[in-house]
Amino acid sequence: MKPLNIGMVGYGFMGRTHSNGYSQANHFFPCEYKPVLKAVCARNKDKAQAFADTWGYESVETDWRELLKRDDIDAIDVCTPNNLHKEISIAAAEAGKMVLCEKPLAMNQTDGEAMCQAVEKAGVKNMVWYNYRRVPAVTLAKQLIDEGRLGQIFHYRANFLQDWTINADVPQGGAATWRLDAEAAGSGVTGDLLAHCIDTALWLNGQIKDVSAMTETFVKERMHSETGKKEPVKIDDACSFLCHFDNGSLGLFESTRYARGHKALYTFEINGENASIRWDLHDLHRLEYFDHNDDSIVRGWRSVHVSDGDQPYMGNWWVPGLNIGYEHTFIHQVADFLKSLETGEQMHPSFRDALETQKVCDAVLDSAAQRVWKEV
Ligand SMILES: NC(=O)c1ccc[n+]([C@@H]2O[C@H](COP(=O)([O-])OP(=O)(O)OC[C@H]3O[C@@H](n4cnc5c(N)ncnc54)[C@H](O)[C@@H]3O)[C@@H](O)[C@H]2O)c1
């Protein structure tokens, strides 16, 4: 097998999901490429070493620039907070490395464009970890839409709801709460959660033309973990927007970290002329499907348990009827990336694909700030 030597920067939540993906992909998806966990990079050497020992990385680095200099690294996996994506990705591309970057691609469209240009100029393979495309039920939704089963699409509706920042004592900034610090995150729920909903929507339903958004920051000041002082909160705690898609359908998106009771409720529903589709991350194996062409006396919403061998990805897992989960989306993404190396086909979502999501996020934030409709 051909090795794909991975150098991963950051070993937090995503560092774990990706490491698991690299370790498992070849067990279930045969491919001529094999990821090799060459090095993990983080600023604290002891913590990086502990992570390397747990997951089987061969070495550690404490400065990502040193990682980029190494000849034994083929691909840089960027698992850091958002404000580091641009610098690391561009330097990695310039060093001739493949770049696998976490989402959102960048802090804004301008940075994202520079990142796209860097990987394209260097001619290096690239992808962004919008992993929800690779939930088998979501991939099946794509298949049904592409087959034309829904007919003309009228409505696209998506939510991503959480409740973890309601307490005003939650600080901003630092290792645990960088998502509340605009300097590290760029934006709040828009770049963190809605970016996922937008990526899925663009993939399933095509481009978004224009948006009208509102955002709110419910807790205006929070203690900053690094300065120890109360500072203004500059991220959006909640964001809702309306949009027009190029295909004429209307979109409605909502995201918040203030929906008490919801931890990660990502749902979408698509209503077409002939059929509708509904999906819920909390029940990720199920695709709800309503087909108006069904015999009227039994017509109704079906709950399809996407676990059969002829449904996306499932033929490579256990036996029909048995579940897989969240971590498998990352295994699928690694497997598809390895396959793209084998076939030479472009991996999706690429940096360019992810830039489209970035453009929508920027338009949403601009629309909310200026209280006007914005073209994407
Ligand atoms: N695809 C998804 O579903 C998904 C889910 C969560 C997070 N993310 C994205 O993944 C990225 C990381 O998020 P996370 O939840 O893993 O965060 P995290 O806080 O758990 O981990 C971030 C890691 O980056 C490291 N880091 C920070 N600065 C560094 C530096 N200068 N050099 C080396 N390492 C550094 C930290 O030590 C930590 O290990 C973010 O961009 C986030 O938006 C994506």
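FYI, it's all coordinate maths here, none of it is from the lab. Everything numeric in this text was worked out from a predicted model, so none of it was measured. Positions of Cβ are generated from backbone atoms using ideal geometry, with glycine treated the same way; all protein chains shown enter the neighbour counts.
Amide H to amide H distances under 5 Å link residue 59 with 39, 40, where only residues 5 or more positions off or on other chains count and H is placed in the peptide plane. Applying the Karplus relation 6.51 cos²θ - 1.76 cosθ + 1.60 with θ = phi - 60° to region 213-228 yields 3J(HN,Hα) values of 10, 9, 10, 9, 10, 6, 9, 7, 9, 9, 5, 8, 4, 8, 8, x Hz, where x marks Gly and Pro.
Roughly speaking, what is the stretch gain from residue 297 to residue 66, that is 0.36 nm per residue apart minus the C-alpha to C-alpha distance, in nm to one decimal? Provide the component values of the computation, followed by the final result.
Values: separation 231, 0.36 × 231 = 83.16 nm, distance 6.67 nm.
Here the segment from residue 297 to residue 66 would lengthen by 76.5 nm.
Each Cα pair under 8 Å and six or more residues apart adds its separation to the average, and for the chain the resulting relative contact order is 20 percent. Sequentially through region 307-312, phi angles give Karplus couplings (6.51, -1.76, 1.60; θ = phi - 60°) of 8, 8, x, 8, 9, x Hz, Gly and Pro residues having no value and appearing as x. Note on residue 217 and residue 34: their simple-model spin labels are 5.1 nm apart, each label 7 Å out from Cα toward Cβ.
Take the alpha carbon gyration tensor of region 133-375, find the square roots of its eigenvalues, order them as a ≥ b ≥ c, and report rounded if a/c is under 1.5; if not, report prolate when a/b exceeds b/c, else oblate. Write out the running numbers ahead of the final one.
Details: a/c = 1.82, a/b = 1.54, b/c = 1.19.
In terms of gyration-tensor shape, prolate.
Evaluating 6.51 cos²θ - 1.76 cosθ + 1.60 at θ = phi - 60° for every residue in region 140-155, the Karplus couplings come out as 5, 4, 4, 4, 5, 5, 5, 6, x, 5, 7, x, 4, 9, 9, 9 Hz, glycine and proline recorded as x. Placing dummy labels 7 Å off each Cα toward the beta-carbon, the span from residue 305 to residue 319 is 1.3 nm.
Shape class of region 48-186 from the alpha-carbon gyration tensor: oblate, with a/c at 1.5 or above and b/c at least as large as a/b. Around the Cα centre of region 35-174, unit charges on the Cβ atoms of Lys, Arg, Asp and Glu (plus for the first two, minus for the last two) sum to a dipole of about 380 debye. For residue 167 and residue 282, the difference between the fully extended length at 0.36 nm per residue and the C-alpha to C-alpha distance is 39.0 nm.
Scanning residues 5 or more positions from residue 226 or on other chains, those with amide H under 5 Å from its amide H are 174, with H placed 1.01 Å from N in the peptide plane. Under the combined filter of DSSP loop state and at most 10 neighbouring Cβ atoms within 10 Å, region 295-376 retains these trypsin sites (Lys or Arg not before Pro): 371. Taking amide H as placed 1.01 Å from N in the peptide plane, residue 5 has its amide H under 5 Å from the amide H of 36, 74, 75, each at least 5 places away in sequence or on another chain. Looking at the chain, the DSSP beta bridges with both ends there are about 60 percent antiparallel.
Across region 2-131, the mean sequence separation of Cα contacts (distance under 8 Å, 6 or more residues apart), normalised by length, yields a relative contact order of 23 percent. Spacing of the modelled spin labels on residue 369 and residue 54, each 7 Å from Cα toward Cβ, amounts to 3.8 nm.
Taking each residue as 0.36 nm, the span from residue 183 to residue 207 lengthens on full extension beyond its C-alpha to C-alpha distance by 5.8 nm.
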